[in-house]
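Comments concern the structure below.
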Amino acid sequence: MYHRIVAGRVRKTFEQISAGNWEPMVAGMAPSFTYRFYGDHALSGERRTHEALRRWWERCFRLLPDTGFDVQDVLVSGWPWNTRVGTAVTVHVGVVDGTRYANIVHQFLRIRWGKITEVRTLEDTAVLEKTLDRLAAAGYAEAHAEPIVG
């Protein structure tokens with residue numbers, strides 16, 4: 001039953017982000033956390049504060065304003081004091097330049113007593129970087145900005 005509740009909350013959070021509301025995700029982070037998005041681009045890096053995570057989401061939605069997540073799998077293991085979650089998600093993205101693309105995302109979370117302490121996000125960086133390169137070439141300088149860390 002616990003695993004089903006956690007999986008439902010994860011799916012609900014992806015729905016909220018798809019609707020443009022990432023604040024419940026930020027609120028779900030523990031006071032001390034690590035949010036890592038792999039790669040070497042404007043959306044990569046590691047965030048450890050709620051403020052940095054908000055700035056990261058704001059950048060995501062400036063560059064990729066029409067982003068929706070289609071959750072295929074949510075796998076939950078462990079108990080409230082040490083829960084591990086793995087997701088397989090397809091992201092459908094409306095890019096700021098009017099184009100669209102889809103990508104695959106795998107995310108691994110660690111949750112302790114209802115708060116997320118760790119997120120590791122792996123996305124097909126070749127697809128994402130090609131889009132960010134195209135945006136930068138079209139004058140969207142933020143697409144090649146330094147990662148938001150902190």
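The values are calculated or read from the model by the stated rules, or taken from the named source; none is laboratory data. Model, not experiment: these values are computed from the prediction. For neighbour counting, all protein chains shown are included, and Cβ atoms are generated from backbone atoms with ideal geometry for every residue, glycine included. We work out accessible area using only protein heavy atoms, side chains counted, and drop any ligands, DNA or RNA first. Shrake-Rupley method; radii C 1.70, N 1.55, O 1.52, S 1.80 Å.
Listed values for the range 96-102 are Karplus-derived 3J(HN,Hα) couplings in whole Hz (6.51 cos²θ - 1.76 cosθ + 1.60, θ = phi - 60°), namely 4, 7, x, 8, 9, 8, 10, and x replaces Gly and Pro. Taking a cut-off of 12 Å, what percent of all Cα-Cα pairs in the range 93-140 are separated by more than that? When every Cα pair of the range 93-140 is considered, 70 percent fall beyond 12 Å. For the range 72-84, the Karplus equation 6.51 cos²θ - 1.76 cosθ + 1.60, evaluated at θ = phi - 60°, returns couplings of 8, 9, 10, 10, 10, 9, x, 10, x, 7, 6, 9, 10 Hz by residue, with Gly and Pro reported as x. Rg/Rh for the range 3-150 (Cα atoms only, Rh after Kirkwood) is 0.96. Once each of the chymotrypsin sites (Phe, Trp or Tyr not before Pro) sitting in a DSSP loop with at most 11 other beta-carbon atoms within 10 Å is removed, the chain keeps 1-80 as its longest stretch.
Put a plus charge on the Cβ of each Lys and Arg, a minus charge on the Cβ of each Asp and Glu, and nothing anywhere else: the dipole of the chain about its Cα centre is then about 680 debye.
For the range 58-67, putting each phi into the Karplus relation 6.51 cos²θ - 1.76 cosθ + 1.60 with θ = phi - 60° gives couplings of 4, 4, 3, 7, 6, 7, 10, x, 10, 10 Hz, in residue order, rounded to whole numbers and with x for Gly and Pro.
For the range 79-124, the list of trypsin sites (Lys or Arg not before Pro) that fall in a loop by DSSP and count at most 12 other C-beta atoms within 10 angstrom is empty. Solvent-accessible area per residue in the range 1-141 equals 51 Å², computed with a 1.4 angstrom probe and all protein chains kept. Relative contact order, whole percent, for the range 47-109 stands at 28, derived from Cα pairs under 8 Å and 6 or more residues apart.
Net charge near residue 136: determine it from the other residues with C-beta under 12 Å of the C-beta of residue 136, scoring Lys and Arg +1 and Asp and Glu -1.
For residues surrounding residue 136, the net value is -2.
Amide H contacts for residue 67 (H built 1.01 Å from N in the peptide plane; partners 5 or more residues away or on another chain; cut-off under 5 Å): 94.
Here the spin labels are modelled as points 7 Å beyond Cα on the Cα-Cβ line, and at residue 81 and residue 32 they lie 1.7 nm apart. When the accessible area of the range 4-140 is computed with all protein chains present and a 1.4 Å probe, what percentage of it is carbon and sulfur? Carbon plus sulfur share of accessible area: 54 percent. Less than 5 angstrom separates the built amide H of residue 39 from those of 45, all sequence-distant by 5 or more or on a different chain.
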